[in-house]
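The values are calculated or read from the model by the stated rules, or taken from the named source; none is laboratory data. On a predicted model such as this, the values are computed, not experimentally measured, just so you know. Cβ coordinates were reconstructed from backbone atoms using ideal geometry, including for glycine residues, and neighbour counts include every protein chain displayed. We work out accessible area using only protein heavy atoms, side chains counted, and drop any ligands, DNA or RNA first. Shrake-Rupley method; radii C 1.70, N 1.55, O 1.52, S 1.80 Å.
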Amino acid sequence: MTERSKVLQDFLDSVHDVLKSAKAGPEAGKCIARVFDALERPSSPGRNQPTRLPACTHLPVALETARSGGPSLARIATSFAALEPQLTWTRRPKVDGSQSDNFADGHANAMIIGPNGLEPREDVWVGVSLLAPHVRYPDHDHSPEEVYLVLSKGRFQHGDSEWFEPGIGGSFYNTPNIKHAMASGDEPLFAIWCLAS
Ligand SMILES: [Fe+2]
C-alpha cells in the first residue's frame, strides 16, 4: 500500500482539523468531507522539482500572521513550514487583464495534492496561494467545487458578491464554475484551497 510522508500527513491533518469545524455552510461541509475522505487513501508521490519564486519572500510574514490566529492555525503554519521546502511554487499561467500590474512577481501558487504536486492525483486538489502586499489575483473559475481556508488578511470575491474579508482562519465555499478572485492589502495574503472533482 502507498504510504504518505509524515510531513505531508501532518499538514493535511492540521488543515482537516480546522476545516472540519469551519462554519462555511453545509455545501462547504460536504466538500470538506469529500476531500478528506478521499485523502484517506494516499496516492503515489510525484517527482516534482522544488522551486521558489520571488513572492515566496513574503512567506515568513504570512506564517507569522497565521500563528497569531490561535493554536490550530499555528499548527498549520508549522506543518506548512516543514513541508514547504518540497514544494514547486509556480506562477498562474493564465491571466485575463483583471490582475494588478505587479501580479507576475507578486504571487506564487503551490500544488500539494493534485496535478504536478507532491501527491499527483485528479480527484482531489489541495494547494496554497501567496500574494505579496497590494496584489490583485485575476478572475478565474474551474469546474471542481472548492473550499478556501484563509490564513491572513485579504479580500475575496466570488460570483456577483461584493469583496469580503474572511479574516485569519476564515473559510468559504465556491460552487463549481463560479468566477472568483482575491486581493491583498498592506500585508501578504496566504490561503489554502481544497477542491473536489
Ligand atoms: Fe479557485
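If exposed means no more than 16 neighbouring beta carbons inside 10 Å and the site is in a DSSP loop, what's the longest run of the chain without any exposed trypsin sites (Lys or Arg not before Pro)?
Counting at most 16 other Cβ atoms within 10 Å as exposed, the longest clean stretch of the chain is 95-178.
Filter the chymotrypsin sites (Phe, Trp or Tyr not before Pro) in region 12-114 to those in DSSP coil with at most 10 other Cβ atoms within 10 Å of their Cβ, and list the result.
Within region 12-114, no chymotrypsin sites (Phe, Trp or Tyr not before Pro) qualify (loop, at most 10 other Cβ atoms within 10 Å).
Give me the distance between the Cα centres of region 76-112 and region 152-197, rounded to whole Å.
Centre-to-centre (Cα) distance: 14 Å.
Taking only protein heavy atoms into account and a 1.4 Å probe, give the accessible area per residue of the chain in Å².
On the way: 9210 Å² over 197 residues.
Spelled out: the 1.4 Å probe surface of the chain, per residue, equals 47 Å².
In a shell of Cβ-Cβ distance under 12 Å around Asp17, excluding Asp17 itself, what net charge do Lys and Arg (+1) and Asp and Glu (-1) give?
Values: positive: Lys20, Arg75; negative: Asp10, Asp13.
Around Asp17, the surrounding residues sum to 0.
If you take every residue apart from Thr175 with its C-beta less than 11 Å away from the C-beta of Thr175, what net charge results, scoring Lys and Arg +1 and Asp and Glu -1? Please list the in-between numbers first.
On the way: positive: Lys179; negative: Glu27, Asp141, Glu145, Glu146.
So the surrounding residues net to -3.
Do the alpha carbons of any pairs in Lys30/Lys179; Lys6/Lys94; Lys6/Lys153; Lys23/Lys94 sit beyond 25 Å of each other, and which pairs? It would help to have the intermediate numbers written out before the result.
Working: Lys30/Lys179 20 Å; Lys6/Lys94 33 Å; Lys6/Lys153 29 Å; Lys23/Lys94 31 Å.
In this structure, Lys6/Lys94; Lys6/Lys153; Lys23/Lys94 lie more than 25 Å apart at Cα.
Considering only protein heavy atoms and a probe of 1.4 Å, how much of the accessible area of region 6-196 is carbon and sulfur, as a whole percent? Mind dumping the intermediate values first?
Numbers: 4420 of 8610 Å².
Answer for region 6-196 is 51 percent, counting heavy atoms of protein chains only.
If Lys and Arg each add +1 and Asp and Glu each add -1, what is the summed charge of the other residues whose beta carbon sits under 11 Å from the beta carbon of Cys56?
Charge balance in the 11 Å sphere: -1.
Please list 3J(HN,Hα) in residue order for region 3-15, calculated via the Karplus relation 6.51 cos²θ - 1.76 cosθ + 1.60 where θ = phi - 60°; whole Hz, with x for glycine and proline.
10, 9, 5, 5, 5, 6, 5, 4, 5, 4, 4, 5, 6
If each of Glu122 and Glu162 carries a label point 7 Å out from its Cα toward its Cβ, how far apart are those two points in nm?
The two pseudo-label positions are separated by 4.2 nm.
Count the DSSP beta bridges whose two residues both fall in the chain, then state the antiparallel fraction as a percent rounded to the nearest 5.
95 percent
Compute the orientation-averaged projected area for region 20-147 from the convex hull of its Cα atoms and round it to one decimal in nm².
The number I arrive at for region 20-147 is 8.6 nm².
Using only the alpha-carbon atoms of region 64-124 as identical scatterers, what base-10 log of I(q)/I(0) does the Debye formula give at q = 0.14, 0.19, 0.21, 0.28 Å⁻¹?
With no solvent term, the Cα-only Debye profile gives -0.59, -0.91, -0.98, -1.04.
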